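Here the structure comes first, spelled out in structure tokens, and everything after it is commentary.
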Amino acid sequence: MLFQFILNGLTNGSLYALMAVGVTMVYKSLGMLNFAHGDIMMIGTFIALTIIKLKVPLFASLIVAVLATAIIGFLLERLILRRVEFSSFINLLIATVGVSYILRNGAMVVFGTNPQRFPSLFSQFPVNVAGFKVSPQSIGIILVSLTLIVALHLFFTRVKVGKCMELASSDAQSAAMMGINVSHMRFLTFGISAGLACIAGALIAPLTYARPDMSAAIGLKAFAAAILGGIGNLWGALLGGIILGVVEALGAGYISSAYRDAFSFLVLFFVLFVKPTGLLNRKIENKL
Amino acid sequence: MKKFLAIVLGLVLAFSSIASADDVFKIGLVCPLSGSSAISGVIMKNAAEMAVNEINEKGGINGKIKIQLLAEDDEGIPANAVNVVQKLVEQDKVNIILGAQLSSCTLAMMEITKAAKIPQITPASSNVTITQQGNKYIYRMTSTDATNAKTLLKYCQSLGYKKIAMCYDSGDFGTGGFKIVSGLVDEYGIEIVDSEVYNAGDTDFAVILSKMDAAKPDCFFMWGYHTECAAIMTQMMQYGFVYPMIGYGMNSPELVNLGGEAVEGIIICTAFDAANPDPVVQAFDKKYQALYKDSYDQNGPQSYDAVYLMADAVKRAIADGADWKNGEILNKYIASASYTGATGTTAFDETGDMIKDLMLITVKNGVHEIVNMK
């Protein structure tokens, strides 16, 4: 039973981590939290579902959906956030809340309000691993998330564009002085963040169904995970996500399944109380 | 400006008084048109509209009074249900309320309709406390948790199941069902070895399924709605938990759509199913499918019969020369109703509960089939 709980915790944790990375990237680059992130995940999932229903093979549909969601991320940055950028930080936040509502209700109108089935990349039947019954879906989610996060890390540290993005995020003025087009980098950040959200949606939807209120389950926890691990820190997002997922699973398993969601937030409160900048951050953040 | 406003006001008043010359019977419908239970709410609305249109095409009640159906979305959230019923009662001045679908919403709304002295018929909520509050304006046209629990436990007993693991929804429906089942299990020689609660809208059930499996029951027992049931059974398949699933609350066409092969073999207790060969049932089934090109659950024919029962009550009130627009008087005619329709014969006892026989259905090859108890 413990094994099952931990596996479940790692699976959910990987999803929170994937979403948290998207959140943390945007925070680092713009200094704001994108409250529409969960709904971008939802829209990405529905776009994928629409393409799948056109009888396009699953893998190809997902690739197209990720690109389409990245484009939505680009549009979001260009059309809405750029206009609001020079007014206060609060306005940016509210703008993303507004986008979140529009996306959610738009999805209800276009795709209907009912949950819909979403096909899985992985087998639906359990396999035997060292005497334990394991769902390929769980293993798949963990591996895909881990791979993507490691790939992102390599992108930010080894690839030129990635390194430019990293610099533009941490120190916009120096980056500009070095000839990096900071606004292009911000643009890319949003696109990548949205693409990641779409992948997270496609991973979770086979288990939870594609539904317009999908962001409710994961959205808030993504922020919690990002803040827990240290906002702005890539590995922090991964660590935060895993901790949240595992604590939640163990709490639900050994204490009470009704208060499952409460456990992750309790951990968040506790950690912030002890270390306000998050687990992996060293400097004092004064942006929030 | 003032003179202009006065003229406009005068015209508006004049027109509104002309509009109310023809009597209209207003039914306020409160149901979930979005959220996890949206499918059931939409079915309620479709079936009610079907009944209203049928009656209006024949000229209305007694050939004179048209019915107007005002539908509002409660999203399956009790606080919203209270808001919309207040709007229907105070602003739209409805004559009667049809709703809600979720027990938690019905319980929240009941106080408003009682205070406004307007009858309320719920075609779908099964929590027993609904009719135990001394509220003489509430009626129920669906079976209660107690009758469903007894039927299901009898079935478990007939198969020799001694231990069950139960999971239930955290709302009034699930917790009410759990209370009833726990109180009844001893009579059937059954023990609940594990019980787990989940929240509507929850999507991950691995933890509760592991706990239920660890208790090694003979079967899983569930009291909840179809979205979570489909997810639970899908996850049971994915994690390799093989147990019979028996329950109530998940009878809906969406169960098979969402769950696919995972829900094969589930046993559900219900008051109505289209697999029933009764001619009235078949007539309703064909017309609904033709109109809405979609399948439906028991809330459909129950809502349909509810509208006809209301119309019948108004008709009898008129025949007696009584003022059906008075909520208290209309309430008396609803209480004395006896209507035979797609769901059989409906009459209410003194608490507002309905008495009817129940059946068990299963899903075989994606289709509902009636199961005979041994």
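Of (1) at pLDDT 90 or above; (2) within 22 Å of the chain's Cα centre (by Cα); (3) within 14 Å of another protein chain (Cβ to nearest Cβ); (4) surrounded by fewer than 19 Cβ atoms within 10 Å (Cβ to Cβ), A:V109 satisfies all except one. Which?
Unmet condition: (2).
Kindly evaluate A:D261 against the criterion of being within 14 Å of chain B (Cβ to nearest Cβ), surrounded by fewer than 21 Cβ atoms within 10 Å (Cβ to Cβ) and among the acidic types (D, E).
yes
Might you let me know whether segment B:334-345 holds any residue that is modelled with pLDDT under 80 and not in a loop (DSSP other than H, G, I, E, B)?
Scanning segment B:334-345, I find at least one residue that is modelled with pLDDT under 80 and not in a loop (DSSP other than H, G, I, E, B), so the answer is yes.
Look through segment B:169-193, keep the residues that are surrounded by 24 or more Cβ atoms within 10 Å (Cβ to Cβ) and out of contact with any Asp or Glu (no Cβ under 6 Å at 6 or more places or on another chain), and return whichever of them is farthest from B:M359 (Cα to Cα). Reasoning before the result, please.
Pass one, segment B:169-193, residues surrounded by 24 or more Cβ atoms within 10 Å (Cβ to Cβ): B:169, B:173-174, B:176-177, B:181.
Applying the additional criterion that residues be out of contact with any Asp or Glu (no Cβ under 6 Å at 6 or more places or on another chain) yields B:169, B:173-174, B:181.
Details: B:D169: 22, B:F173: 20, B:G174: 20, B:V181: 18 Å.
Only one residue tops the list, namely B:D169.
I need a count of the residues in segment A:211-237 that are under 29 Å from A:F125 (Cβ atoms) and buried (at least 24 other Cβ atoms within 10 Å of the Cβ).
Total satisfying the criteria: 4.
Would you please name the residue that is farthest from B:G35 (Cα to Cα), looking only at residues in segment B:193-220 that are small (G, A, S) and more than 7 Å from chain A (Cβ to nearest Cβ)?
Of everything passing the filter in segment B:193-220, B:A215 is farthest from B:G35 (Cα to Cα).
For segment A:41-55, does any single residue satisfy the condition of being of a type in the set (D, E, K, R), in a loop (DSSP other than H, G, I, E, B) and out of contact with any His (no Cβ under 7 Å at 6 or more places or on another chain)?
Yes, there is a match, as at least one residue in segment A:41-55 is of a type in the set (D, E, K, R), in a loop (DSSP other than H, G, I, E, B) and out of contact with any His (no Cβ under 7 Å at 6 or more places or on another chain).
So that you can scan it fast, the table gives a plain yes or no per residue for (1) acidic (D, E); (2) over 28 Å from B:I77 (Cα atoms); (3) outside the structural domain of B:T227 (by TED's automatic domain parsing):
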residue: B:I121; (1), (2), (3): no, no, yes
residue: B:G134; (1), (2), (3): no, no, yes
residue: B:I138; (1), (2), (3): no, no, yes
residue: B:L153; (1), (2), (3): no, yes, no
residue: B:G171; (1), (2), (3): no, no, no
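Kindly indicate the residue of segment B:192-250 that is of a type in the set (D, E) and in contact with a helix residue (DSSP H, G or I) (Cβ under 9 Å, 6 or more places away or on another chain) and also modelled with the lowest pLDDT among those meeting that condition. Can you show your working first?
Just the residues of segment B:192-250 that are of a type in the set (D, E), to begin with: B:194, B:196, B:202, B:204, B:213, B:218, B:228.
From the residues that got through so far, the ones that are in contact with a helix residue (DSSP H, G or I) (Cβ under 9 Å, 6 or more places away or on another chain) too are B:194, B:196, B:202, B:204, B:213, B:218.
Values: B:D194: 92, B:E196: 92, B:D202: 82, B:D204: 85, B:D213: 90, B:D218: 93.
Top of the filtered list is B:D202.
Among the numbered criteria (1) over 22 Å from the mean Cα position of the chain (by Cα); (2) free of Cβ contacts under 8 Å to residues at least 40 places away in the same chain; (3) within 13 Å of another protein chain (Cβ to nearest Cβ); (4) over 25 Å from A:F190 (Cβ atoms), which single criterion is violated by A:A130?
With (1) over 22 Å from the mean Cα position of the chain (by Cα); (2) free of Cβ contacts under 8 Å to residues at least 40 places away in the same chain; (3) within 13 Å of another protein chain (Cβ to nearest Cβ); (4) over 25 Å from A:F190 (Cβ atoms) applied to A:A130, the lone miss is (3).
Quick one: in segment A:28-40, of everything that is outside any loop (DSSP other than H, G, I, E, B) and at pLDDT below 85, which residue is surrounded by the most Cβ atoms within 10 Å (Cβ to Cβ)?
Applying the filter and picking the extreme gives A:S29.
The values are calculated or read from the model by the stated rules, or taken from the named source; none is laboratory data. Everything numeric here is computed off the predicted structure, so don't read it as measured data. All Cβ positions, glycine included, derive from the backbone under ideal geometry; neighbour counts span all protein chains shown.
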